[in-house]
Every structure is written in C-alpha cells, then in structure tokens.
Amino acid sequence: MEMMDQHLHIDSRSLEELAMMSMAGIKAVVSHVYYPHQHVRMTPNTYFDYYDRKINWEPARTKTELIETFLGVGINMVNVPTDWEKVLEALPRYLKEEKVVCIGEIGIEPGSETGDPGIQEEILKEELRIAKEHNMPVNFHTPPKDKEKWIEKYAALLEDAKVDKDKVVIDHANPSVVGFIWELGFYAGVTIQKWRNVTPLEAAKLLEKGDHLDRLMLDSDSSPKWSDALSVPKAVHEAQKRGVHHAVTPSSGFPDGGVG
C-alpha cells in the first residue's frame with residue numbers, strides 16, 4: 001500500500017531512513033517549515049536559505065529513494081525570526097514554487113522562546129490573509145495541552161480571515177479531538193508520536209472506526225526530536241492486522257494541494 005506522511009521535517013531524515021520509509025510504502029511526504037535550533041533567534045536570511053534548501057535540494061534527495069517531497073512554507077511559531085515582516089513579505093514568491101503546496105506548519109505555541117503568543121498571533125493573521133489571497137491550504141500546529149482551546153482559537157481566526165475550511169488541516173490531533181475538528185469542518189491530522197501519547201495502535205483504531213476517512217490524515221512529525229519516521233506504515237499495518245482494508249489510503253492527499 002502506498003502512503004503519504006502529510007507532516008514531517010524531511011531534512012532531519014537520513015538516506016537510510018528514507019530508504020526504509022520507501023520500502024515500508026511511503027511514497028510521498030509534505031515537509032513543513034521548522035528550524036532545529038529553537039533557542040536561537042534567526043534572521044530572515046536564515047529562513048530564506050532554509051526555504052531554498054527545501055525547495056532546491058530536498059525533493060531531489062528524497063527522489064533517489066522514490067519518495068516525492070512536497071513542501072510547506074511559513075514562519076514556524078517556535079522559531080520566530082527577527083524582522084519577521086520581511087519573511088512574510090517574501091512568502092508569496094515561495095508559494096509560486098511547484099513543490100510548495102501549503103502554508104505550514106503555522107499557529108501559536110505558548111512555549112516558544114523566540115516570540116510571545118501576541119506576536120505569533122499577529123504573524124498568523126497575516127499568514128491567513130496570504131493563504132486566502134493565494135488560495136493556499138494551511139496546516140496548523142496545536143500545542144500539546146489544551147488542544148480544544150487552541151482549535152477554537154484557530155477556528156475563530158479562520159472565520160475572520162474567510163479561509164475555506166476545505167483548505168485547513170488541524171494537526172497534532174489525538175483521538176480525543178478528531179471529532180471536534182470534524183464538527184468544525186476541518187481536516188484532522190493525527191500525529192503518531194510517543195511523546196504526544198498517540199501510538200500506531202491508537203491510530204489504527206481510528207481507521208477501524210471508519211469515521212470521516214476523507215477528512216483523516218496520519219503523520220509522523222519526524223524531526224530532530226524523538227520521533228519515528230515509520231509510524232504511519234506501522235499504524236496501517238496495525239489496522240490491517242485488525243482486518244481493516246479500506247479503499248481509501250490513509251494520508252492519501254493534502255487538501256487541494258495538488259498531491260494524491
């Protein structure tokens with residue numbers, strides 16, 4: 001079964017890991033914006049160098065292991081740069097790149113050491129304006145705690161920005177909030193990660209229920225933090241062991257992003 005991991009940070013994965021991912025069935029990924037040195041405040045040029053690496057090198061690197069890489073750009077809420085306005089000014093230029101399919105991951109993280117929540121919200125509002133103007137999907141980070149509160153916050157900001165709900169993924173969802181996300185009309189991205197308390201078996205049980213599979217996405221959020229680049233195929237394997245063989249491939253696409 002061919003799969004997509006719709007949220008990871010591909011530049012943190014080695015060629016050996018890419019080979020294992022490909023052999024396990026992952027044939028496409030969406031690599032979202034982040035920066036590993038979260039305690040160091042970056043400059044706009046650091047962000048631009050990072051975007052250029054993602055766009056010009058990472059897709060070619062992953063293609064050697066038969067994985068198609070698509071990209072999200074924006075300002076990661078954990079890594080707010082100095083003069084962040086300059087990054088937002090340049091964002092439309094990067095949205096024109098063929099491999100860029102969304103603005104993400106974006107949102108608010110109260111634990112960020114480089115930007116307080118007020119600044120993060122100001123940035124987020126501008127990113128949503130840009131998403132609306134350029135008809136781009138968006139991927140939202142949700143903090144580890146108080147997920148419903150943050151989902152409600154994002155829903156209000158999205159309504160103010162008049163962003164189409166069909167273009168929104170609320171990510172780092174766990175089984176306790178996927179129903180709430182669906183009720184609001186968004187896609188739910190379930191991150192299978194030990195430290196987020198979501199196991200492959202728990203994700204498999206969601207597939208077994210069969211609810212809103214057209215609005216369910218699975219991802220590993222693989223990064224320099226503790227993560228498992230094979231968590232999506234492990235979840236599918238667990239689902240198959242439970243007799244689940246849905247026609248819809250988990251994580252088979254990104255909303256209106258030209259992936260699938």
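What number of residues within region 121-134 satisfy the criterion of being in contact with a Lys or Arg (Cβ under 8 Å, 6 or more places away or on another chain) and surrounded by fewer than 23 Cβ atoms within 10 Å (Cβ to Cβ)? The number of residues fulfilling the criteria is 1. Scanning region 1-24 for residues that are out of contact with any Ser or Thr (no Cβ under 7 Å at 6 or more places or on another chain), assigned to a loop (DSSP other than H, G, I, E, B) and in contact (Cβ under 8 Å) with a residue 12 or more places away in the chain turns up just one, Ala24.
Inspect region 25-46 for any residue being aromatic (Phe, Trp, Tyr), surrounded by fewer than 21 Cβ atoms within 10 Å (Cβ to Cβ) and in a helix (DSSP H, G or I) and give the result as yes or no. Checked region 25-46: no residue is aromatic (Phe, Trp, Tyr), surrounded by fewer than 21 Cβ atoms within 10 Å (Cβ to Cβ) and in a helix (DSSP H, G or I). What about Gly104, is it out of contact with any helix residue (DSSP H, G or I) (no Cβ under 7 Å at 6 or more places or on another chain) and either of a type outside the set (Lys, Arg) or farther than 20 Å from Ala131 by Cα (or both)? Yes, satisfied. Taken across region 199-209, residues that are in contact with a helix residue (DSSP H, G or I) (Cβ under 8 Å, 6 or more places away or on another chain) and modelled with pLDDT under 90 do not occur at all. Among the residues of region 15-46, those identified as among the hydroxyl-bearing types (Ser, Thr, Tyr) and either in contact with a Phe, Trp or Tyr (Cβ under 6 Å, 6 or more places away or on another chain) or at pLDDT below 95 (or both) are Tyr34, Tyr35, Thr43, Thr46.
Taking region 1-21 only, how many residues are hydroxyl-bearing (Ser, Thr, Tyr) and surrounded by 16 or more Cβ atoms within 10 Å (Cβ to Cβ)?
1
The values are calculated or read from the model by the stated rules, or taken from the named source; none is laboratory data. This one's a predicted model, so the numbers in the text were calculated from it and none came from an experiment. Quick reminder, even Gly has a Cβ in these numbers, built from the backbone with ideal geometry, and neighbours come from all protein chains shown.
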